[in-house]
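Student: Mind looking over this structure? Questions follow.
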Amino acid sequence: MKLYQVLLPVSDIEQAESFYSQLLEMPGRRVSPGRHHFECGELILTCYDPGAEGEEVDVSPNPQPLYFTAEDLEAVFEWAKDAGCTSLDEQIVTQPWGDRSFSVKDPFGNPIRFVDETTTERQRNEQITGGPDDSLKIGLALSIESTKAGSQKPLAASIFKIFKDEIWLKLSKSSAEPVFEEGEGVRVQYGDEEGVYVADVEITKVPSENQHVAISMPKEVNMLQRRAAPRVRFEIPISFSIVGTAEGEGEVFKSRTRDISTGGLRFETSAQLEAGEQVKISLLLPPSEKITVTAKVISAEHVTRENKVLTSVGAQFIELQLDDQIKILQFLIDSQSDEQAEK
């Protein structure tokens, strides 16, 4: 299979035709009252205005950007200043891994990122999808800790890019001073449905912005234990509603977690939930990190608490933003560190 079409939501098809015709330097073609096609190589970019199609649908911008490469990035940057773009970056930025790029939003709020074509060569030639095992992949949340004596507690991070010789991580916290030094030994730990893994590597690059670091590609990954990511017993206030056609949809219930991990949580409720149902959960991590996530009920068992019959629910996260996954992981790391300090 091949991806052949990308739909871009717009609220004015005429304005969209004008904007993207200039950007792509082609007129495109109108295929229906609210759809305008631009043939970008083997991929069709379709601007879609539901109002022009007679559909009463709220038009919301895409949450993630479209990426375009440019032979002359400076010329595109100057064009963007005069083309109705919003949220234009102040300047072209060179990313720590080598890309030169800048970001804008089109007249409808859709984010776009323009990348210098010459700086994408390394990614095309050297970027890979995973590390030495199937678990180490882009988007994975993990913990990273210096192996030096007396170092600070672990930090949460996520895998941002993977190259043949190194892995780029985005740290959960940015700081005024570098957290790690080039050549420093660190240990990374992560988990999946099979178990918890650990690898000893070293820091290969520390950019000045202190939000990313690069580590060497692990030569060996060891399994610590055959179970999923660590789960912490902690009461966190949550509210949730039932998703879909189940009875009680729209009603908001309140509860507190019994335990939580990066993969899911357990709570008790008076709501009548069954395995297979989906719930939308809002939780507040200490001190004030609010996270909203969709989860699937994996188990639902009746329990009695103070002469009340409740449902003990085990829920698995199915739609969790990467940044929120990192926040949960950092919370777990901090909770475990505090627990060990008290012993």
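Conditions tested, residue by residue: (1) within 30 Å of K205 (Cβ to Cβ); (2) not polar (S, T, N, Q).
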position: E25; (1), (2): no, yes
position: F38; (1), (2): no, yes
position: D49; (1), (2): no, yes
position: F68; (1), (2): yes, yes
position: G84; (1), (2): no, yes
position: L88; (1), (2): yes, yes
position: S101; (1), (2): yes, no
position: D106; (1), (2): no, yes
position: G109; (1), (2): no, yes
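Student: Within the stretch 300-311, track down each residue that is closer than 22 Å to V279 by Cα and out of contact with any Ser or Thr (no Cβ under 8 Å at 6 or more places or on another chain). Walk me through it before giving the result.
Tutor: So the first thing to find is which residues in the stretch 300-311 are closer than 22 Å to V279 by Cα, and the list is 300-303, 309-311.
Once the filter is applied, which keeps residues that are closer than 22 Å to V279 by Cα and out of contact with any Ser or Thr (no Cβ under 8 Å at 6 or more places or on another chain), the stretch 300-311 yields only V309.
Student: Let me ask something else about it. Would it be correct to say that K280 is within 20 Å of F234 (Cβ to Cβ), at pLDDT 85 or above, part of a strand (DSSP E or B) and out of contact with any helix residue (DSSP H, G or I) (no Cβ under 8 Å at 6 or more places or on another chain)?
Tutor: Criteria not met by K280.
Student: For the stretch 159-190, which positions are under 18 Å from E209 (Cβ atoms), assigned to a strand (DSSP E or B) and more than 19 Å from the chain's Cα centre (by Cα)?
Tutor: Passing the criteria: only E166.
Student: In the stretch 303-335, how many are among the aliphatic types (A, V, I, L, M) and assigned to a strand (DSSP E or B)?
Tutor: 6
Student: Would you please name the residue that is surrounded by the most Cβ atoms within 10 Å (Cβ to Cβ), looking only at residues in the stretch 96-121 that are out of contact with any Cys (no Cβ under 9 Å at 6 or more places or on another chain) and basic (K, R)?
Tutor: R100
Student: Before we move on, is S216 among the polar types (S, T, N, Q), within 30 Å of I159 (Cα to Cα) and at pLDDT 90 or above?
Tutor: So S216 passes the test.
Student: Residue by residue through the stretch 134-152, note down the ones that are more than 23 Å from the chain's Cα centre (by Cα) and surrounded by 15 or more Cβ atoms within 10 Å (Cβ to Cβ).
Tutor: S146 - this is the single residue of the stretch 134-152 that is more than 23 Å from the chain's Cα centre (by Cα) and surrounded by 15 or more Cβ atoms within 10 Å (Cβ to Cβ).
Student: Please go through the stretch 1-41 and give me each residue that is in a helix (DSSP H, G or I) and either outside the structural domain of F68 (by TED's automatic domain parsing) or crowded, with 17+ Cβ neighbours inside 10 Å (or both), ordered by number. Even if it seems obvious, please write down each step before you answer.
Tutor: From the stretch 1-41, those in a helix (DSSP H, G or I) are 13-24; that's our starting set.
Matches in the stretch 1-41: I13, A16, E17, F19, Y20, L23.
Student: Return the only residue of S172, S146 being of a type in the set (S, T, N, Q), at pLDDT 80 or above and either under 16 Å from L329 (Cβ atoms) or not assigned by TED's automatic domain parsing to the domain that holds W97 (or both).
Tutor: That would be S146, the only listed residue that is of a type in the set (S, T, N, Q), at pLDDT 80 or above and either under 16 Å from L329 (Cβ atoms) or not assigned by TED's automatic domain parsing to the domain that holds W97 (or both).
The values are calculated or read from the model by the stated rules, or taken from the named source; none is laboratory data. Note that this is a predicted model, so its numbers are computed, not measured. All Cβ positions, glycine included, derive from the backbone under ideal geometry; neighbour counts span all protein chains shown.
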